[in-house]
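Notes follow the structure.
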Amino acid sequence: MSAASPLPPLALGSLRMDMPVVQAALSGYSDLAMRTVARAHGAPYALNEVVLDELVLQKGRLQRRILSVPEHDHPVGGQLMGSQPERFGQAARELVKAGYDVVDLNFGCPVNKVLGRRRGGWLLQDPETALAMIDAVLQAVAGDAPVTVKLRRGSDDSPDAEARFWTILDGAIARGITAATVHPRTVAQKYVGPSRWPFLTKVKQHVGAFPILGSGDLFSPFDVLAMLRETGVNGVTVARGCIGNPFVFTQVRELLAGRAAMRPTAAAQRAALHQHWQIAVPFYGSERHALPHARMHAIKFGQYHKDPVWARERLVRMRGPEFLPLVDEVFADCHDEGRSLQLRPEDAIVPALQSCSE
Ligand SMILES: Cc1cc2nc3c(=O)[nH]c(=O)nc-3n(C[C@H](O)[C@H](O)[C@H](O)COP(=O)(O)O)c2cc1C
């Protein structure tokens, strides 16, 4: 596959993505505003941040927010975390009723609090429960939406953990899931050390034509094409590489069209953050409530600024209603002066993982 050759589209059941490069589920980040901006910059599919099945089922403001899927937010995946098959199934049904196009099940989250409650990555230790949860969801969704699963490559590096991974993946496929996303780090590994891409090749060889999406260490459009080329996965989910950088989707499209990938101009960054703010304010109910979320994104945009240290200093001190004026100041046109906008592989930014609430 040369950079300029087209990629086969990605199919999740009857959903067709024109490019197999999608926005990952990102806890604390991939809300409606982030997804909208990612779509505006070429993401053909985006996942909501993981939500607890109990929160989907509990009446209240959070439930209303989770279950509000506006018309412009499609196709969208709703990702669930939980530990009780029955509650998992009920929550999955609610997501479909609310308009989510895909239900994704989280069997990968490595956060200690989550593991302690036998959710997320913990389920990789217990194939029987993991498969019972998949059964419950498939039954509740009853074919009304594709069901997909997100896994890490095991709970740890032991052969037993790998054997459990295959039991869960094979069992899930046999039961009728539509696709799986594999992040080839172990749960114990959290984010230390690289994502083991050769494991994705092994998964693809194992499952044949069954659709697999790869995850891990995708920090530039060059990484995206390299994972697709090297591992044979059917698609990829961009995670840390698109926080503060929705432009990565356009950059992949540019490379696929045989053109150079360009960094965003300051004007493009400003416009994306304005769009983010316009969606975030009504979504969170007020400027005050939207600000902590939008500020976090603005700080991440700052990593791609010509002077990232200065940009961060300005943005972390942001308070109150001055979001847009400060964005306009930090991402002013003058910051493009003297800067080449052509992106090279060596320019990829490996973002610091300050916090992961995955
Ligand atoms: C801040 C943060 C939040 C995340 N939240 C989720 C989540 O809600 N659901 C999920 O399946 N994975 C989540 N992940 C994992 C990513 O989707 C992805 O699998 C992982 O970051 C590896 O990709 P990367 O190395 O390219 O970032 C999260 C990762 C980060 C850094």
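The numbers here are math on the coordinates, done by the rules we state, and not lab data. Small disclaimer: the values here were computed from a predicted structure and weren't measured. So basically every Cβ, Gly included, is an ideal-geometry build from the backbone, and we count neighbours across all protein chains shown.
Please state the charge dipole magnitude for the chain, taken about the Cα centre, from unit charges on C-beta atoms (+1 on K and R, -1 on D and E), reported in debye and rounded to the nearest 20.
Its charge dipole is roughly 360 debye.
Place a +1 charge on the Cβ of each Lys and Arg in the range 266-336 and a -1 charge on the Cβ of each Asp and Glu, then give the dipole magnitude about the Cα centre in debye, rounded to the nearest 20.
Computed charge dipole of the range 266-336: roughly 300 debye.
Quick one: how many lysine pairs in the range 14-256 have C-alpha atoms under 25 angstrom apart, if they're 8 or more apart or on different chains?
10
Gain in length, residue 98 to residue 166, computed as 0.36 nm per residue apart minus the alpha-carbon separation, to one decimal in nm?
Once the chain is fully extended between residue 98 and residue 166, it gains 21.3 nm.
How large is the helix-only mean residue ellipticity at 222 nm for the chain, computed as the sum of -39500 (n - 2.57) over DSSP H runs with n ≥ 4, divided by its residue count, in deg cm²/dmol to the nearest 500?
-13000 deg cm²/dmol
Based on the alpha carbons, how large is the Rg to Rh ratio for the range 221-303 when Rh follows Kirkwood?
The Rg/Rh ratio comes out at 1.07.
For the chain, calculate the relative contact order in percent as a whole number, restricting contacts to Cα pairs under 8 Å that are 6 or more residues apart.
The normalised contact order for the chain reaches 16 percent.
For the range 79-202, what is the relative contact order in percent, using Cα pairs closer than 8 Å and at least 6 residues apart in sequence?
26 percent
May I ask for the Rg/Rh ratio of the chain, computed from Cα atoms with Rh as the Kirkwood radius, given to two decimals?
Dividing the radius of gyration by the Kirkwood radius yields 0.96.
Using only Cα atoms and rounding to the nearest 10 degrees, what angle (0 to 90) does helix 127-141 make with the longest principal axis of the chain?
80 degrees
Give me the angle, in degrees from 0 to 90, between the Cα long axis of helix 85-98 and the longest principal axis of the Cα atoms of the chain, rounded to the nearest 10.
50 degrees
Of the peptides 8-16, 194-202, how do they stack up when ordered by the mean number of other Cβ atoms within 10 Å, highest first?
So the order, starting with the most tightly packed, is 194-202, 8-16.
I need to check one value: relative contact order of the range 266-336, counting alpha carbon pairs closer than 8 Å and at least 6 residues apart, in percent.
40 percent
Going by Cα centres, the range 204-237 and the range 121-199 are how many Å apart?
16 Å
Rounded to the nearest 5, what % of the DSSP beta bridges within the chain are antiparallel ones?
Of those bridges, close to 15 percent are antiparallel.
Among rounded, prolate and oblate, which fits the range 88-200 when a ≥ b ≥ c are the square roots of the eigenvalues of its C-alpha gyration tensor, a/c under 1.5 means rounded, and a/b larger than b/c means prolate?
prolate
On a straight-distance basis, which aspartates and glutamates could pair with residue 300 in a cross-link, Cα separation under 14 angstrom, same-chain partners fewer than 8 positions away excluded?
Reachable aspartates and glutamates: 313.
Say each of residue 340 and residue 313 gets a label point 7 Å from the Cα, pointing the same way as Cα to Cβ; how far apart are those two points in nm?
Simple spin-label model gives 2.8 nm for this pair.
Against the empirical 2.2 N^0.38 Å scaling, what ratio does the C-alpha Rg of the range 266-336 come to?
1.01
In degrees, nearest 10, range 0 to 90: what is the angle between the Cα axis of helix 159-175 and the longest Cα principal axis of the chain?
Tilt of helix 159-175: around 80 degrees.
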